[in-house]
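Asker: Structure incoming, see below.
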Amino acid sequence: MSTAIDMKALMLEERAKRRAAKAAAAPGAKDVEAGEQRQQQAALDAEGSALRAARCAIANREGFTLASTRIAPQRLDSAFYIGDFLMAAEADVVLRCLDGPRYAARWRGGGRRNLNLGGQPGELDIKEELPDFALALIDALVASGAFPEAQRPNHVLVNDYCDGHSGCVAHTDGPLYSPRVGCLSLGGPALIELWDDLAKGAREDESALVAGMLLRHCSLHVLADDAYTNLFHQIRDTRRDVITEHVVNQAAARCAAGDVVQRGERRLSIVFVHKIDESEDGM
Ligand SMILES: O=C(O)CCC(=O)C(=O)O
């Protein structure tokens, strides 16, 4: 048996150990990517906080009243359309925050994908704090009178219609929420229709079509009380919306009967509601 030390083998072994230690210490591609995403998210969070600190334009506008944006008398006295609820730069911040790394894995769906902020609709006790960019919008909704303080929105659903044609079937937003929904539109335009009879709506019987509203970039529409509870809203699956005399916000949305309005490549709606918890519904 030889007891001589194999110096070459020892040296090779030592080199291999050093190489392994160096590789373990060097950040891998995944770590670099995670680090970059953390930095990007921190920058977006700062933008969201700045948006909140600055208060959105609408919240600062003197003399603004929600009543002045009511779209029509009678059945629609509880529906409102505000064409310039946000400034374009404010909308950009909101879009960037929604497109940031924090939510990348949370979007669900395809042509119309969605994201819940503030827990799931059925969860009455709020499980998730809302981010600053959403709180900035909520502050503006309350400051503008779109929501009373007692019904401050605590749940946000974001729809991203990213295929240029998807819509949503006729529905009401249901009894889980206070009877008031505020919906901020970003991106391309779309026509929303309000029907007072679901079956007639499905048959396209226009006697049940109460109104249409063209929803433009940066606009807010609010459906409250009767319009929230009793009217069904839908957005057609189409690439072009036809403006008819039923469209009641023509002046505010800069359109006229007979126009055909092309959808954009992408439209987002940010839907604000106040989930009613047990202490509020008396159960
Ligand atoms: O996209 C919209 O403007 C409407 C969305 C909607 O009705 C909903 O998410 O319940």
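Read-outs: derived from the displayed coordinates by stated rules, not from any lab. Quick caveat: nothing in here was measured; it's all calculated off a predicted structure. Cβ sites come from the backbone with ideal geometry, for glycine too, and all protein chains shown count toward neighbours.
Asker: Spin-label point model (7 Å from Cα, Cβ direction): what's the Asp84 to Thr238 distance in nm?
Answerer: My value for the distance between the label points is 2.9 nm.
Asker: If you average the sequence gap of Cα pairs under 8 Å that are 6 or more apart and divide by the length of segment 170-283, what percent do you get for the contact order?
Answerer: Values: 221 pairs, mean separation 43.2, N = 114.
So the answer I get is 38 percent.
Asker: How tilted is helix 88-98 with respect to the longest principal axis of the chain? Cα atoms for both, answer in degrees (0 to 90, nearest 10).
Answerer: 50 degrees
Asker: Something else now. By how many degrees, 0 to 90 and rounded to 10, does the Cα axis of helix 7-25 deviate from the longest principal axis of the chain?
Answerer: The angle comes out near 20 degrees.
Asker: Taking the Cα atoms only, what angle lies between the long axis of helix 29-54 and the longest principal axis of the chain, rounded to 10 degrees?
Answerer: 40 degrees
Asker: Something else: What is segment 1-120's relative contact order, in percent, from Cα pairs under 8 angstrom and six or more apart in sequence?
Answerer: Numbers: 49 pairs, mean separation 27.0, N = 120.
This gives 22 percent for segment 1-120.
Asker: Considering only Arg52, Arg18, Arg108, give the residue with the highest GNM mean-square fluctuation for the chain, with springs between Cα atoms whenever their separation is below 10 Å.
Answerer: Arg18
Asker: Return the percentage of antiparallel bridges among DSSP beta bridges fully within segment 144-283, rounded to the nearest 5 %.
Answerer: Working: 35 of 36 bridges.
If I count the DSSP bridges inside segment 144-283, around 95 percent turn out antiparallel.
Asker: What Kirkwood radius, in Å to one decimal, follows from the Cα pairs of the chain? Intermediate results must be reported in sequence, preceding the final value.
Answerer: Numbers: mean 1/r = 0.0470 Å⁻¹.
Answer for the chain: a Kirkwood hydrodynamic radius of 21.3 Å.
Asker: Another question, if that's okay. Express in nm, to one decimal, how much length is gained between His246 and Asp31 on full extension, taking 0.36 nm for each residue of separation and deducting their alpha carbon distance.
Answerer: Full extension of this stretch gives 71.9 nm more.
Asker: Still on this structure, I have one more. Counting other C-beta atoms within 10 Å, which of Glu245, Glu193 has the fewest, and how do the rest follow? It would help to have the intermediate numbers written out before the result.
Answerer: On the way: Glu245 10, Glu193 22.
Fewest-to-most Cβ neighbours within 10 Å comes out as Glu245, Glu193.
Asker: Taking the chain, how many lysine pairs are there with alpha carbons less than 22 Å apart, if each pair must be eight or more places apart or span two chains?
Answerer: Details: Lys8/Lys17; Lys8/Lys22; Lys22/Lys30; Lys127/Lys275.
Within the chain, the lysine pair count is 4.
Asker: Follow-up. Test of understanding: in a Gaussian network model of the chain with alpha carbons linked when under 10 Å, which of Asp205, Asp139, Asp92 would top the mean-square fluctuation ranking?
Answerer: Its mean-square fluctuation being the largest, the pick is Asp205.
Asker: Same structure, new question: Specify the residue with the greatest mean-square fluctuation among Lys22, Lys30, Lys200, computed from a Gaussian network of the chain linking alpha-carbon atoms under 10 Å apart.
Answerer: Ranking Lys22, Lys30, Lys200 by mean-square fluctuation puts Lys22 first.
Asker: Please give the net charge around Cys183, taking every other residue with its beta carbon less than 13 angstrom from that of Cys183, where Lys and Arg add +1 and Asp and Glu add -1. Working shown, then result.
Answerer: Numbers: positive: Arg180, Arg216, Arg267; negative: Asp173.
So the surrounding residues net to +2.
Asker: What length, rounded to one decimal in nm, is gained on full extension from Ala9 through to Gln40, with 0.36 nm per residue of separation minus their alpha-carbon distance? Can you show the working numbers first?
Answerer: Values: separation 31, 0.36 × 31 = 11.16 nm, distance 4.74 nm.
Contour length minus Cα-Cα distance gives 6.4 nm.
Asker: In what sequence do Ile276, Ile82 fall when counting other Cβ within 10 Å, fewest first?
Answerer: On the way: Ile276 18, Ile82 22.
Listed from fewest to most nearby Cβ atoms, that is Ile276, Ile82.
Asker: For the chain, what is the calculated [θ] at 222 nm in deg cm²/dmol (nearest 500), taking -39500 (n - 2.57) for each run of four or more DSSP H residues and dividing by its residue count?
Answerer: -9500 deg cm²/dmol
Asker: Relative contact order of the chain: what whole-number percent is it, with Cα pairs under 8 angstrom and at least 6 residues apart? Don't skip to the end; give the middle numbers.
Answerer: Values: 507 pairs, mean separation 62.9, N = 283.
Relative contact order of the chain: 22 percent.
Asker: I've got another one for you. By the scheme Lys and Arg +1, Asp and Glu -1, what is the net charge of all other residues having a beta-carbon under 14 Å from that of Ile5?
Answerer: Numbers: positive: Lys8; negative: Asp6, Glu13, Glu14.
Summing Lys/Arg as +1 and Asp/Glu as -1 gives -2.
Asker: Right, here's the next one. Work out how much length Glu278 to Glu129 would gain on full extension: take 0.36 nm times their residue separation and subtract the Cα-Cα distance, in nm to one decimal.
Answerer: Values: separation 149, 0.36 × 149 = 53.64 nm, distance 1.90 nm.
Contour length minus Cα-Cα distance gives 51.7 nm.
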